[in-house]
Amino acid sequence: MNTSINPGQPATVGALANATGGINAGNFVEPDIDAQLFSFNSEDTPLMNLMLRAKRVKVNSPEVDHFMIDEPKSTLTTTADTPSNQAQVILPVSPGEGNLPRQFTTLLVKGVDGFDSEGKSKTPGKALMLFVVGHDTATGNPIVRAVNGQKLSPEDEINLVPSIPSGTKIVLLANSLYETQKEVDPDLIVPQPTRVYLQKRGMNQVVSDYFESQRKRTPFSKAVVAEQAIANFKVRGNRTLWAGRAGKFQINVPNLGMQTVYSTEGLRWQFKRELQHTGRWTVEKIIALAKMFFTGEDVPKTALLLAGKDLLEQIQCVDFSRHPEIQITTKVNSIGWSVTNFHTVFGDIEIKREPTLDRLGWSRSGALIGEDRLVHYVYSNEHSFQDRMNGHEATRSGILIWDALALKGSCHIWIDGEGEASGDAGECHVLWESSEAPDPEEGKIFYLVNDCPAISAAAKSGSMWHYENNSWKEYTGELSV
């Protein structure tokens, strides 16, 4: 028997009679309606349920400056070679980075060896450390001296700064103060915000007084209609949380004038790291994915992979027989979902199917998310209303909510299996299995599943390489947001 009615249509006895195949008027029953409107259909809308569990931030505007990365940069990159054996040098770094290391800060120079305490012999593997003595007034770049540089004589107080090549990574360490010092410059922490729009969503139901008064045996009632409408409202909202595009525009409303409409940015477009994947999944690739996720600067507590059906199938079909150390179990996670749990030495990955990705055409793709790295911005709390309709024997009820979901931190990875463009992702990764070098393509970072001597003798399994300035270089940089 057909018992469907289009959500949003007025629920009247006549409409219900047609929807139920011509049941006579008056044959209805009304059970209680669940007050927790979002407590059902959680398996069909995982992302929305994650949002409801995320850190909730009440805001006073539908436009929010969201700071994805709270921590300041921890490394700098030199942009030119420095002269060798100088008492102090101006450290050439990228624009905007010069003021990050304040005076009295110590810096570790990756890839440049320091010297022993007498300043005579290099200490292989023990990096050079610098001390910031000030800033160049013309460029704003830091002026540095060496802490463990070369000395012309063991009695010299001055350590000479060796040549530092262009592209060298400089790690910011703690400051080092002199004996009586207590005042230092405050750290320059200027994270870059992104503008997030909160989208107002709503659902209405109209129920006639006559329909409301009918209570008999047929198990089809206002509650069933409401559940269908709520489920549809929730599913469409889940698609918006994934794929909506940010927008702000005005429309002319009769009797009210110009009103502003906001649309929120979907999570798909917020990822700053993207893994472009082709071919079959292997154990080595899954371990590489876990390593990328758990060993960055932002280390989450959990890894939840929301996967399309084809990606889920591919991972389930991986042959783990040669890797007994990889444990695969089924468990109920903290959210209450039944998930497939992959235990690796880097951390556990919980895998859950996300049906919305299939509906959006991303069945080979997925999102590896840190569950504790989501923010739910709320401008207007979810609330229901019930109004009498003027001139009608009917009541209008509905739900209104004004919110947005945003990623926090840099751990999250979008797995693209559709071959789509990377969009605005700050990092585009490719898992590379061949011993032959990939085509030199600017902007892509290749994670080596196997050794690749064609790139470099140092291109070992587990390292990342990218093509920059007409040569292959190992990638050790920070996420750009």
Between Leu152 and Ser84, the two model label points (7 Å from Cα along the beta-carbon direction) sit apart by a distance in nm of 1.7
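For Asn148, what charge total do you get from the other residues with a beta carbon under 14 Å from its beta carbon, if Lys and Arg give +1 and Asp and Glu give -1? Don't jump to the answer; show the numbers that get you there.
Numbers: positive: Lys120, Lys122, Lys126, Arg145, Lys151; negative: Asp113, Asp116, Glu118, Asp156, Glu157.
Residues close to Asn148 contribute a combined charge of 0.
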Here, Gln259 and Asn232, labelled 7 Å along Cα→Cβ, have an inter-label distance in nm of 2.1
For Lys182, Lys58, the accessible-area ranking with a 1.4 Å probe, largest leading, is Lys182, Lys58
With 0.36 nm assigned to each residue of separation and the Cα-Cα distance removed, Cys317 to Asp439 gains 41.0 nm
Ordering 280-293, 131-144, 360-373 by per-residue average of other C-beta atoms within 10 angstrom, highest first, gives 360-373, 280-293, 131-144
Rg/Rh over Cα atoms for region 96-158, Kirkwood Rh, comes to 1.04
Whole-Å distance linking the alpha carbon centroid of region 140-179 with that of region 344-377 is 45
In this structure, the FRET efficiency calculated for Val184 and Ser94 from their beta-carbon separation, with R0 = 35 Å, to the nearest 0.05, is 0.90
Quick calc: nm separation of the 7 Å Cα→Cβ label points for Ser471 and Thr139 -> 1.9
For region 286-351 the GluC sites (Glu not before Pro) that pass both the DSSP coil test and the at-most-14 other-Cβ-within-10 Å test are Glu297, Glu325
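The values are calculated or read from the model by the stated rules, or taken from the named source; none is laboratory data. Given the structure is predicted, the values throughout are model-derived calculations rather than measurements. All Cβ positions, glycine included, derive from the backbone under ideal geometry; neighbour counts span all protein chains shown. Just so you know, the surface numbers come from the protein's heavy atoms only, side chains and all, with ligands and any DNA or RNA stripped out. Shrake-Rupley method; radii C 1.70, N 1.55, O 1.52, S 1.80 Å.
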